[in-house]
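Quick note: the coordinates plus some simple rules give every number you see, no bench work behind them. On a predicted model such as this, the values are computed, not experimentally measured, just so you know. Neighbour counts are summed over all protein chains in view; Cβ atoms, including those assigned to glycine, are modelled from backbone coordinates with ideal geometry.
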Amino acid sequence: MQKRIERKKKPVHFKHSRFDRKSKRKEHLSFYRPEAIPALKSTLSRIGKPHPTPFVPDEFQIMALEAIRQTDCLVIAPTGSGKTWIAREAILSVLEKGGRCWYASPLKALSNSKWVEFGLHFDPENVGIITGDTKENTEAPIIVGTTEILRNQLYDAMHQGKDLNCDLVILDEAHFLGDADRGVVWEEIMIYLPTRVHLLLLSATIGNGEEIAHWLESIRKKSCMVITEEKRPVPLYPLFLHSSGCLHPFLEGKKVSPPVADFIRRTDEKRLRGGKMPDYIGVIRVLEKFNLLPAIFFLKSRAECDAALTARGMLAPLQNSVEFSYSLDELLGRFPTLARHRQLKVLKSMRLASHHGGQLPAWKMLVEEMMNRGHLRVIFATSTIAAGVNFPARTIVLFNSDLFNGNDFDPLSATEFRQMTGRAGRRGQDNIGFMLTIPGKFMDLNHIRHLLFQQPEDILSQLKNDFAMVLNLLLSQTPEDVCKIFERSLAAYQQNIRHQDADFSAAQSLWKDFSRHLKFLQQEGFVDEAGTLTDDGRWASKLRLDYPLLVAQCLRENAFPEENEKIMAAVVAFFAYDRDDDIKLPVKDLPPKLVLSFRKVMVAVRPLMHRMETAGFAVTKRHTAAGTAMYFWAQGHSWDSVIKATGIAEGDMATLVLRTADNLRQIASLKDTYPEIAECAWKAREAILREPVLFF
């Protein structure tokens with residue numbers, strides 16, 4: 001039936017459309033004819049802004065606040081349900097008693113946002129921030145920062161034999177405990193945090209909250225209350241867009257609706273496997289007709305998000321309102337370098353924007369602000385940014401039922417799906433939020449149905465050893481103490497209750513791997529035979545980096561420059577670039593001093609890298625071009641010229657600058673051991689931390 005409909009359909013033409021004249025070349029002409037079945041009439045009639053009512057906290061918020069005033073508390077509640085209110089009220093309770101609070105998030109951008117928000121709520125003098133590149137008002141009673149900084153402060157407190165100067169720690173986005181790369185930091189915080197300090201965990205997606213709480217109770221010897229709220233602040237209604245342009249309910253009860261089931265049965269797989277760009281504009285026109293905007297379109301890749309902005313010929317430009325112009329002028333005043341951004345014209349004329357990790361942090365913040373103020377139709381975003389961002393919409397649109405994991409595409413997990421659908425429906429602005437599924441090459445509609453009723457996955461321990469962790473533990477612990485720490489880990493706890501018959505315990509595995517790291521550190525002279533840090537081990541422990549031994553080796557071999565901060569920034573960028581793909585940048589015609597420094601660094605670290613590989617430790621390739629890109633930037637070249645010369649995405653270059661700056665900051669902390677290099681590192685850091693990378 002569907003094929004017959006498609007053969008009968010004719011292209012919809014629009015007069016004076018630039019898109020029509022180029023339709024054959026661009027192949028973006030919409031075949032959607034926006035309509036909705038009568039059964040949706042009552043649902044669509046609910047669209048609108050709810051009547052303002054005085055704020056009254058929900059029962060779960062009151063329960064959570066009562067709990068955290070007495071003990072630890074884990075709050076699991078949907079996105080937008082008011083978890084930040086709990087945090088603010090808990091902080092206020094501590095401040096009223098003269099106490100101090102630490103608010104930790106997994107993302108610098110989220111930390112920056114909370115710093116501003118809390119500054120407005122508690123007054124700026126009461127709020128400080130500490131991230132890898134920002135330190136302001138660090139003696140304030142409320143500190144906002146990243147989890148890595150909090151973990152490092154706990155390392156320092158244990159080394160100095162002091163108690164953390166804090167009475168309440170809030171870990172936002174607590175499901176990061178299960179993150180493959182970052183989860184170890186969260187688990188370390190929970191293990192090292194003094195029992196005296198209350199711990200408030202906030203998340204929308206933890207499947208095994210009771211298990212996490214019982215583990216915390218076992219190691220912290222105090223109760224951990226679990227407060228769970230299932231009700232969304234704005235109800236979610238799933239929709240399906242037929243290829244004809246007709247909107248249907250996605251569900252009927254807990255099954256897919258008959259039109260969806262019929263579509264699944266009749267879908268011609270070969271037809272869906274064409275290589276054309278999806279009809280984004282057609283979808284927007286459908287959403288616009290039924291008042292379902294603003295929307296977030298979740299796409300597969302950065303390139304798709306940017307390419308979607310080019311398919312805009314069939315959308316009529318909107319007149320810029322006074323409010324729109326005022327908001328944009330205000331934000332461009334805060335971020336003046338964005339006035340030349342290549343996507344600004346589309347944002348202004350079509351109210352469309354792209355948002356992903358390849359873009360400048362300042363641009364992403366501008367897009368989020370414009371969305372939050374109701375000035376955009378659609379944001380094209382990668383699904384990986386669903387966690388930790390702050391721009392809900394009336395509708396989220398799914399074109400795919402899978403997600404790139406860094407190597408391949410896996411089906412969406414329930415946790416990832418909940419993070420994405422959590423953006424649908426704006427509290428106080430929408431009576432109802434929508435999820436719209438678009439059939440296509442990578443859309444499994446049955447999988448989406450399962451996800452709508454599936455709970456988030458359980459969090460599993462991601463605790464693992466690395467050289468920075470081992471060095472910092474040995475600052476204050478004996479190897480025997482470290483073994484006891486592993487016995488208290490979530491990894492050990494979960495194995496004890498889930499796999500009691502395992503031949504080799506998780507604690508034993510962690511200890512065995514720790515011993516392997518310890519042996520290598522002893523061979524390299526950072527730890528003595530008794531398991532105590534040597535002088536080199538003590539200063540190397542301050543290098544809380546991904547590759548502390550490589551940086552330490554450069555210091556030992558005097559491979560870093562002492563007088564040229566531009567070259568210093570370039571060679572340190574070697575150890576900060578963390579992407580698999582190399583920057584396509586020719587290194588010919590470089591200054592001889594720079595080439596010589598590159599060679600000096602590689603000569604210093606190559607034997608160590610070989611010994612690490614021989615011992616079974618993974619060592620990733622060092623990218624000379626990353627250093628060259630950083631050299632251009634440190635020299636004072638314009639941002640646009642560096643981006644053009646290197647071909648690197650703006651967001652990746654910004655990340656490289658920030659990571660390099662963090663490496664330089666930690667090298668600069670070694671002023672007692674390497675004073676000249678430390679001073680040069682600080683100057684290098686100042687040379688690269690400027691707009692548009694820094695914007696506060």
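Observations
- The residues neighbouring Val693, those whose beta-carbon lies less than 15 Å from its own, together hold a net charge of 0 under the Lys/Arg +1, Asp/Glu -1 convention.
- Each of Phe520, Phe504, Phe298 was scored by other Cβ atoms within 10 Å of its Cβ. Arranged with the fewest first, they read Phe504, Phe520, Phe298.
- Inter-part distance where the range 648-696 and the range 528-582 are each reduced to a Cα centre, Å: 13 Å
- Dividing the summed -39500 (n - 2.57) terms of all DSSP H runs of n ≥ 4 by the residue count of the chain sets its mean residue ellipticity at 222 nm at -13500 deg cm²/dmol.
- Positive minus negative residues near Arg46 (Lys, Arg vs Asp, Glu; Cβ under 15 Å): +4
- Rounded to the nearest 20 debye, the dipole magnitude of the chain is 4240 debye, with +1 charges on Lys and Arg beta carbons, -1 on Asp and Glu beta carbons, and the Cα centre as origin.
- 5 angstrom amide H check on Leu239, placed H, neighbours 5+ away: Phe250, Met435, Leu436, Thr437
- Dipole moment magnitude, nearest 20 debye, the range 467-688 about Cα centre, only Lys, Arg, Asp, Glu C-beta charged: 380 debye
- About its Cα centre, the range 305-400 has a charge dipole of approximately 220 debye under the convention of +1 per Lys or Arg Cβ and -1 per Asp or Glu Cβ, with nothing else charged.
- Listed residue (Ile76, Ser541, Ile143) projecting farthest to the positive dipole end of the chain, Cβ model: Ile76
- Given their separation in residues at 0.36 nm each and the Cα-Cα distance between them, Asp179 and Thr43 gain 45.2 nm when the chain is fully extended.
- Convex hull per residue volume in Å³, alpha carbons only, for the range 529-649: 124 Å³
- When each of the peptides 83-90, 609-616 is scored by how many other beta carbons lie within 10 Å of its residues on average, the order from highest to lowest is 83-90, 609-616.
- Once the Cα-Cα distance is subtracted from the 0.36 nm per residue extended length, the Thr71 to Glu252 segment shows a gain of 60.8 nm.
- Rh by Kirkwood over Cα pairs, then Stokes-Einstein D for the range 467-688 at 1.002 mPa s and 20 °C, µm²/s: 114 µm²/s
- HN-Hα J in Hz across the range 370-377 - Karplus 6.51, -1.76, 1.60, θ = phi - 60°, x for Gly and Pro: 5, 5, 4, 8, x, 9, 10, 7
- Efficiency of FRET from Cβ geometry, Lys621 and Arg556, R₀ 22 Å, rounded to 0.05: 0.50
- Whole-Hz ³J(HN,Hα) from phi, Karplus 6.51 cos²θ - 1.76 cosθ + 1.60, for the range 428-440, glycine and proline x: x, 10, 10, 7, 8, x, 10, 10, 10, 9, 10, x, x
- Where the alpha-carbon atoms of the range 59-228 are placed on the principal axes, they occupy 37, 36, 31 Å, in descending order.
- Summarising the amide proton neighbourhood of Val527: residues at separation of 5 or more, or on other chains, whose placed amide H is nearer than 5 Å comprise Gln522, Thr534.
- Amide H contacts under 5 Å for Val226, placed H, 5+ residues apart: Leu74
- Annotation for the range 95-164 versus the range 439-502: alpha-carbon center distance of 26 Å.
- Projected label points at Arg538 and Asp481, each 7 Å from Cα along the beta carbon direction, are separated by 1.5 nanometres.
- Gain on full stretching of the segment that runs from His450 to Ser509 - 0.36 nm per residue minus C-alpha separation: 17.7 nm
- The local environment of Arg556, defined by Cβ-Cβ distances under 12 Å, has a net charge of -4 under the rule Lys, Arg +1 and Asp, Glu -1.
- The relative contact order of the chain comes to 14 percent, based on Cα pairs under 8 Å that sit 6 or more residues apart.
- Antiparallel DSSP beta bridges within the chain, percent to nearest 5: 20 percent
- Rounded FRET efficiency, nearest 0.05, which uses the C-beta distance separating His499 from Thr267 and R0 of 51 Å: 0.75
- Think of the range 467-688 as having a plus end and a minus end, set by charges on the Cβ of Lys, Arg, Asp and Glu; of Gln495, Thr655, Gly627, Gly627 sits farthest toward the positive end of this dipole.
- When each of the peptides 165-173, 644-652 is scored by the mean number of other C-beta atoms lying within 10 Å of its residues, the order from highest to lowest reads 165-173, 644-652.
- Burial ranking of peptide ranges 622-634, 555-567, 98-110 (average Cβ count within 10 Å, highest at the top): 622-634, 98-110, 555-567
- Non-local lysine pairs in the range 467-688, meaning eight or more places apart or on different chains, with alpha-carbon distances under 15 Å, amount to 7.
- Rounded to the nearest 10 degrees, the inclination of helix 467-476 to the longest alpha-carbon principal axis of the chain is 50 degrees.
- Candidates Leu670, Leu318, Phe434 compared by Cα position along the dipole of the chain: farthest toward the positive end lies Leu318, with charges placed on Cβ.
- When you restrict to C-alpha pairs under 8 Å that are six or more residues apart and normalise by the size of the range 59-228, the relative contact order lands at 32 percent.
- Calculated from backbone phi, Karplus (6.51, -1.76, 1.60) coupling profile of the range 527-544 in Hz, x at Gly/Pro: 9, 8, 5, 7, x, 9, 5, 7, 4, 4, x, 5, 6, 5, 5, 6, 8, 8
- For the chain, diffusion coefficient by Stokes-Einstein and Kirkwood Rh (Cα), 10 °C, 1.306 mPa s, µm²/s: 58 µm²/s
- Taking the range 429-450 and a reference point 7 angstrom along Cα→Cβ of Trp85, the backbone N atoms nearer than 19 Å belong to 429-433.
- Dmax and Rg, reported as Rg then Dmax, of the range 362-447 (C-alpha, Å): 13.4, 39
- Neighbour counts of C-beta atoms inside 10 Å place Met365, Met568 in the sequence Met365, Met568, starting with the fewest.
- Taking the range 467-688 and dividing mean pair separation by its residue count, relative contact order in percent (alpha carbons under 8 Å, at least six apart): 23 percent
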